[in-house]
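One structure below.
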Protein chains: 2
Amino acid sequence: MEVQSRFDGQWTTDWEGKLAKRTEQMQSSVIRELLKFTMLPDVISFAGGLPAPDVFPVRAFQEACAWVLRHDAQKALQYSPTEGYPPLKDYLIETMAKYNIPAVQGNILFTNGSQQALDLLGRVFINEGDKIITGRPTYLGAIQAWNVYSPQYVTIPLDDQGMRMDELEKALEANPDVKFIYVLPNFHNPAGTTLPLERRLRLVELAAQHGCFIVEDDPYGQLRFEGEDITPIFTLHKENTIYLSTFSKTLAPGLRLGWIVAPERVIAKLVQAKQGTDLHTSTLVQYLAHDICQRGLVRAHVKKIRRVYRERRDVMLQAMEEHFPPSATWTRPHGGLFLWACLPGLDTAELLKIAVEEKVAFVPGHAFFPPGSDDGRNCMRLNFSYSRPETIREGIARLGRAIKRMMNETD
Amino acid sequence: MEVQSRFDGQWTTDWEGKLAKRTEQMQSSVIRELLKFTMLPDVISFAGGLPAPDVFPVRAFQEACAWVLRHDAQKALQYSPTEGYPPLKDYLIETMAKYNIPAVQGNILFTNGSQQALDLLGRVFINEGDKIITGRPTYLGAIQAWNVYSPQYVTIPLDDQGMRMDELEKALEANPDVKFIYVLPNFHNPAGTTLPLERRLRLVELAAQHGCFIVEDDPYGQLRFEGEDITPIFTLHKENTIYLSTFSKTLAPGLRLGWIVAPERVIAKLVQAKQGTDLHTSTLVQYLAHDICQRGLVRAHVKKIRRVYRERRDVMLQAMEEHFPPSATWTRPHGGLFLWACLPGLDTAELLKIAVEEKVAFVPGHAFFPPGSDDGRNCMRLNFSYSRPETIREGIARLGRAIKRMMNETD
């Protein structure tokens, strides 16, 4: 192999000129960019959406690897059908039944985390200009997944019980051609709110009346610390709802393993879309997850992280009482990973700069609003799952100092 | 949770009416559909593109799992940056250097197998109606990945040395607005051909002259059984080439782990596209692959499968001499997983029906031609990597019987 480059240096490709139009809609996620810089060792980060690594079920993974590679290696390392590993579906069918979610083999598809589920939904349903309803604020990853398909966002404000149904009704009347409504009913990211049953019933009714379907994104549903489980939207109207969930929060996000539950003909289309995208989700990952599930270790682990996260939430709420100014307000989530705090009169994007000087980080609220919106500038999302209690206390104290510094500067 | 379905049975969603226009381009892969039905236990299948499961490096995976989960579990199970795990990139940089492919951390991106690389390229570069050049035949997965972006395919015939450069030149002159040229230079899937150096040099020249870039898909490059390695296209003009490869054939396809090498500004755009698609490739899978690589076990494994696949190719070629009619022709690949056989006068789609009665399967050649083409109807792709030698002998004998039966019927 003697021949070397023939044209390098002489001929330069106009790569930018060759990009597809949809790339104009692609931006690096604010959160992921932040994550990089808040991973400096002495910064306490409330910015990410990371599960607590100190309680990952490592022993369960060790046992699963040993078992799968001893008994099933030839299958676990091979190509596998796009639809996913049937025994893992059996486990999900059984688990979801406890939440009254009816599922069968034919209406489940595995994805590379919920992010891929959101992308596949965009790919299968969104034409340029289609109207989609989301909350205001809403999950940033959904916006990032869908922007490349160029929808129009119609946004509905949230209150402390989640999406407002009176506002949803108005929006549906003003926009008779909405394709779907995207909701995060349990422990909303970023708002920390939970949609009560009456609102879920009304949502199902409004969607059916206006001929649009519902996308129910439920990554945190199992992580309830207090109160009673509320009937999933999928259960209320399974023929008109697409349900998303994931192992990222209950087992480990590094697996990239989520799933979609939807009517069989929707799953059939999503399977075709996924085939073209990446053939299938890692066979090995599906086998490992299944082995851990069938030993009952996911259920045990969920019980443990409920306890751990609840303590961390309580520590954060208590520290906020102590260190945040009286003008501040925040949600008190009954589960999940996040809470949402608002500081009237303070621009949280500016605050972040001071906070980083104080070695603490969060995500400014504006990041969670669909393009074109000017909301959330006084708010922030705080993650309470990742850091240990003593670190949370110290981090909130630092954040309190940053807020005081900024308020003094503003005065 | 007492409330049950409110509308199910009363209200039916018009799902088909809600599908995006691009779903018209989505079809289940012929190969994947075939795979399902050829996986019946008594059918000998030459249809899939499956590596030999009997030689998967199971022990290496066992050791890697043990090491990674003992020493790096908290990181291996957590979210990770889209760009990928730097130590695994270091290994690839070193390995690719042996093939004269210059790479650095900033110009590599991990993907969920090469299939996701193809999808991301479509997403970042293809506008509706853009012209793309592919071979005739070409890799089916690329067509499946790109169809949803609605390009126009300009196709170039292959001879026994791969894509014909005289035909490529004519096509570029007739189509001055081609965006990129897609080639599989080593052990082409499905054709089994390898592009000689003179053609690679001419390809690089033609692409530069006509202002289009090259996508070099190289899943099998390391699986050469005989002859000398030929300089990669990327090496000849790295500023105008995007290089794709994968661990699917050298380690295990069930991982779903591939990679892209491209100019840094192209990688930056692909990273944004991948963030919206699935955040990142499984962290655990990247850590396991790295551990196996750094122990030198991938190199050892590649040596082993070269030996195993070479034997299987030879067995298949010999059995074809014995059982195929004198009118048949086929390629004699110097590496890879596939060969391509043509049977003048026989429709291989019809032949497949008889073959399945004889309990043997292959992929009819027509499946590998871009939409609109009527070629390949007398040809078939045969995989020689998956089955053991004695099974290959028996399978080719069965296929010979099927061919004779069909020739007798046709007479």
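What residue, of A:M407, A:M380, is of a type in the set (A, V, I, L, M) and assigned to a strand (DSSP E or B)?
Of the residues listed, the single one that is of a type in the set (A, V, I, L, M) and assigned to a strand (DSSP E or B) is A:M380.
Exactly one condition in (1) crowded, with 19+ Cβ neighbours inside 10 Å; (2) free of Cβ contacts under 8 Å to residues at least 40 places away in the same chain is not met by A:D347; state its number.
(1)
In this structure, is A:Y309 assigned to a helix (DSSP H, G or I), over 20 Å from A:L50 (Cβ atoms) and touching a residue at least 40 places away in the same chain (Cβ under 8 Å)?
When the stated conditions are applied, A:Y309 does not pass them.
Kindly provide the set of residues from region B:69-80 that are within 7 Å of chain A (Cβ to nearest Cβ) and out of contact with any Gly (no Cβ under 9 Å at 6 or more places or on another chain), ordered by number. Quick ask: steps written out before the conclusion?
Initial filter on region B:69-80 (within 7 Å of chain A (Cβ to nearest Cβ)): B:69, B:73-74, B:76-80.
If the condition is that a residue be within 7 Å of chain A (Cβ to nearest Cβ) and out of contact with any Gly (no Cβ under 9 Å at 6 or more places or on another chain), then B:L69, B:A73, B:Q74 are the ones that fit.
Please state which of the following conditions A:D217 fails to meet, knowing it meets all the rest: (1) in contact with a Pro (Cβ under 7 Å, 6 or more places away or on another chain); (2) more than 15 Å from A:K98 (Cα to Cα); (3) buried (at least 24 other Cβ atoms within 10 Å of the Cβ).
That leaves (1) as the condition not met.
Do you know which residues across region A:238-261 are within 11 Å of chain B (Cβ to nearest Cβ), over 18 Å from A:A142 (Cα atoms) and under 21 Å from the mean Cα position of the chain (by Cα)?
A:L251, A:A252, A:G254, A:L255
Only one residue in A:G258, A:G211, A:G254, A:G276 is out of contact with any Leu (no Cβ under 9 Å at 6 or more places or on another chain) and among the small types (G, A, S), so which one is that?
On inspection, the qualifying residue turns out to be A:G211.
How many residues does region A:367-402 contain that are of a type in the set (S, T, Y) and closer than 15 Å to A:L339 by Cβ?
Going through region A:367-402, the residues of a type in the set (S, T, Y) turn out to be A:373, A:385-387, A:391.
From what's left, closer than 15 Å to A:L339 by Cβ: A:385-387.
So the count comes out to 3.
Per-residue answers, yes or no, for (1) of a type in the set (F, W, Y); (2) more than 30 Å from B:A397 (Cα to Cα); (3) in contact (Cβ under 8 Å) with a residue 24 or more places away in the chain:
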{"site": "B:G49", "(1), (2), (3)": "no, no, yes"}
{"site": "B:R59", "(1), (2), (3)": "no, yes, no"}
{"site": "B:E63", "(1), (2), (3)": "no, yes, yes"}
{"site": "B:V68", "(1), (2), (3)": "no, yes, yes"}
{"site": "B:L88", "(1), (2), (3)": "no, yes, yes"}
{"site": "B:A97", "(1), (2), (3)": "no, yes, no"}
{"site": "B:I101", "(1), (2), (3)": "no, yes, yes"}
{"site": "B:D119", "(1), (2), (3)": "no, yes, yes"}
{"site": "B:I133", "(1), (2), (3)": "no, yes, yes"}
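Picking from B:R70, B:R32, which residue would you name as being within 28 Å of B:T250 (Cβ to Cβ), outside any loop (DSSP other than H, G, I, E, B) and at pLDDT below 75?
Unique residue meeting the criteria: B:R32.
Could you check, for region A:237-253, whether at least one of its residues is of a type in the set (A, V, I, L, M, F, W, C), outside any loop (DSSP other than H, G, I, E, B), closer than 19 Å to A:G336 by Cβ and modelled with pLDDT of 95 or more?
yes
Give the residue, chosen from B:S5, B:S45, B:S80, that is crowded, with 21+ Cβ neighbours inside 10 Å, farther than 30 Å from B:I143 by Cβ and at pLDDT below 95.
Numbers: B:S5 fails: crowded, with 21+ Cβ neighbours inside 10 Å; B:S45 fails: farther than 30 Å from B:I143 by Cβ.
One residue alone meets the criteria, B:S80.
How many residues does region B:351-405 hold that are more than 21 Å from B:V308 (Cα to Cα), crowded, with 24+ Cβ neighbours inside 10 Å and touching a Lys or Arg at 6+ places or on another chain (Cβ under 6 Å)?
2
List the residue pairs whose Cβ atoms are under 7 Å apart, where the first residue sits in region A:177-190 and is among the acidic types (D, E), the second is surrounded by fewer than 24 Cβ atoms within 10 Å (Cβ to Cβ), and the two are 6 or more positions apart or on different chains.
Final answer for the pair search is A:D177/A:K131.
How about region B:159-203: which of its residues are in contact with a helix residue (DSSP H, G or I) (Cβ under 9 Å, 6 or more places away or on another chain) and among the aromatic types (F, W, Y)?
Once the filter is applied, which keeps residues that are in contact with a helix residue (DSSP H, G or I) (Cβ under 9 Å, 6 or more places away or on another chain) and among the aromatic types (F, W, Y), region B:159-203 yields B:F180, B:Y182.
Identify, by number, the condition in (1) touching an Asp or Glu at 6+ places or on another chain (Cβ under 9 Å); (2) surrounded by 24 or more Cβ atoms within 10 Å (Cβ to Cβ) that B:C212 doesn't meet.
(2)
So which of B:L118, B:L140 is modelled with pLDDT of 95 or more, over 30 Å from A:P53 (Cα atoms) and within 11 Å of another protein chain (Cβ to nearest Cβ)?
Numbers: B:L140 fails: modelled with pLDDT of 95 or more.
Matching residue, one of B:L118, B:L140: B:L118.
Report those strands (runs of 3 or more DSSP E) wholly inside region A:84-196 carrying at least 1 residues which are among the small types (G, A, S) and either on the phi > 0 side of the Ramachandran plot or buried (at least 23 other Cβ atoms within 10 Å of the Cβ) (or both).
Ranges flagged: A:131-136.
Residue by residue through region A:354-377, note down the ones that are farther than 30 Å from A:S150 by Cβ and not in a loop (DSSP other than H, G, I, E, B).
Once the filter is applied, which keeps residues that are farther than 30 Å from A:S150 by Cβ and not in a loop (DSSP other than H, G, I, E, B), region A:354-377 yields A:I354, A:A355, A:V356, A:E357, A:V360, A:A361.
Residues are listed down the side, and each one gets a yes or a no for (1) modelled with pLDDT of 95 or more; (2) closer than 25 Å to A:T235 by Cα; (3) more than 8 Å from chain B (Cβ to nearest Cβ):
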site: A:L270; (1), (2), (3): yes, yes, yes
site: A:A273; (1), (2), (3): yes, no, no
site: A:T281; (1), (2), (3): yes, no, no
site: A:R299; (1), (2), (3): no, yes, yes
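So, in region A:203-232, exactly how many residues are closer than 19 Å to A:I267 by Cβ and in a helix (DSSP H, G or I)?
Of the residues in region A:203-232, 0 are closer than 19 Å to A:I267 by Cβ and in a helix (DSSP H, G or I).
Identify all residues within region B:88-104 that are farther than 20 Å from B:L270 by Cα, of a type outside the set (A, V, I, L, M) and away from chain A (no Cβ under 11 Å); write none if there are none.
B:Y91, B:E94, B:T95
For region A:279-301, which residues satisfy the criterion of being within 21 Å of the chain's Cα centre (by Cα), surrounded by 18 or more Cβ atoms within 10 Å (Cβ to Cβ) and part of a helix (DSSP H, G or I)?
The answer is A:V285, A:Q286, A:A289, A:V298, A:H301.
The values are calculated or read from the model by the stated rules, or taken from the named source; none is laboratory data. All values reported here derive from a predicted model rather than from experimental measurement. Note: ideal-geometry Cβ built from the backbone for every residue, glycine included; neighbour counts use all protein chains shown.
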